Amino acid sequence: MLRQRADEVPEVTDEILALVADLFDTMYAAEGIGLAANQVGVTQRVAVVDVEDHPRMVLINPVIVEQEGKTRSEEGCLSIPDLFGDVDRAELIVVETTLLDGTRQRNELKNFPARAVQHEIDHMDGVLFLDHLGVLKRRMLLKKWKKLRKGTTGYLKEASPASASGP
Ligand code: NI
């Protein structure tokens, strides 16, 4: 799911409203600041973001229509806990998104809120923050991940030929 490109939402239905509520609940329970639908197994272009000093955001079919500048800062992700890395993002973005009432709205975002939205839109395209890191850094983090997750289950549980043919 995390590696799939999520589908456009054709219409804001009751199911989408329920999904948004569920995303907020799940995000707050996990003490996260952003969560995309494909992180909870729904491949739709929906995400929520709640960062400090900014009203919380619902992103449905979001599109970045303008971007400017570059800034580097540390990111993590609820789907790959315990891993962090410095990621370059646009400093300022204008994002167009569908609101819960179905209308489209443009928002100009700067710095951290802009970073969080870029991270969530990446999720909708099957991209993880790890993909923005250099090869060596990524390899190091994945090694750490495997060590930390040994024997545990989760969305990113490693599938090996052995486990696939097991009972
Ligand atoms: Ni994430």
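Computed from the coordinates by the stated procedures, all read-outs in this text should not be read as laboratory data. Here the structure is a predicted model, which is why all the values come from computation and not from measurement. Don't worry about glycine lacking a Cβ; one is built from the backbone with ideal geometry, like all the others, and counts go over all protein chains shown.
Couplings 3J(HN,Hα) of the range 65-71, computed from phi: 9, 8, 8, 8, x, 9, 9 Hz, in residue order, whole Hz [Karplus 6.51 cos²θ - 1.76 cosθ + 1.60, θ = phi - 60°; x for Gly and Pro].
Residues whose amide H lies under 5 Å from that of Gln44, counting only those 5 or more places away or on a different chain, are Asp7, Asn38; hydrogens are built 1.01 Å from N in the peptide plane.
Since only Phe24, Gln39, Asn111 are under comparison, the one whose Cα sits farthest along the positive direction of the charge dipole of the range 14-150, derived from C-beta charges on Lys, Arg, Asp and Glu, is Gln39.
Using the average count of surrounding beta-carbon atoms within 10 Å as a protection proxy, the listed peptides 87-96, 104-113 rank, highest first, as 87-96, 104-113.
Listed peptides 118-125, 72-79 appear in the order 118-125, 72-79 once ranked by packing, highest mean of other Cβ atoms within 10 Å at the front.
The string of couplings for the range 136-148 from the Karplus curve (6.51, -1.76, 1.60, θ = phi - 60°) is 5, 4, 5, 4, 5, 5, 5, 5, 4, 4, 4, 5, 5 Hz, one whole number per residue in order, with x for Gly and Pro. Between the helical axis of 111-124 and the longest alpha-carbon principal axis of the chain there is an angle of about 60 degrees.
The helix-only estimate of mean residue ellipticity at 222 nm for the chain, built from DSSP H runs of length n ≥ 4 each weighted as -39500 (n - 2.57), is -9500 deg cm²/dmol after division by the residue total. A simple packing score, the average count of other Cβ atoms within 10 Å per residue, orders the peptides 135-145, 16-26 as 16-26, 135-145, with the highest score first.
To the nearest 20 debye, what is the magnitude of the charge dipole of the chain about its Cα centre, counting +1 on the Cβ of each Lys and Arg and -1 on the Cβ of each Asp and Glu? Write out the running numbers ahead of the final one.
Working: 21 positive and 27 negative charges, 253 e Å.
Using Cβ point charges on Lys, Arg, Asp and Glu, the chain gives about 1220 debye.
Counting pairs on different chains as well as pairs 8 or more places apart, how many Lys pairs in the range 14-150 have Cα atoms under 21 Å apart? Within the range 14-150, the lysine pair count is 5.
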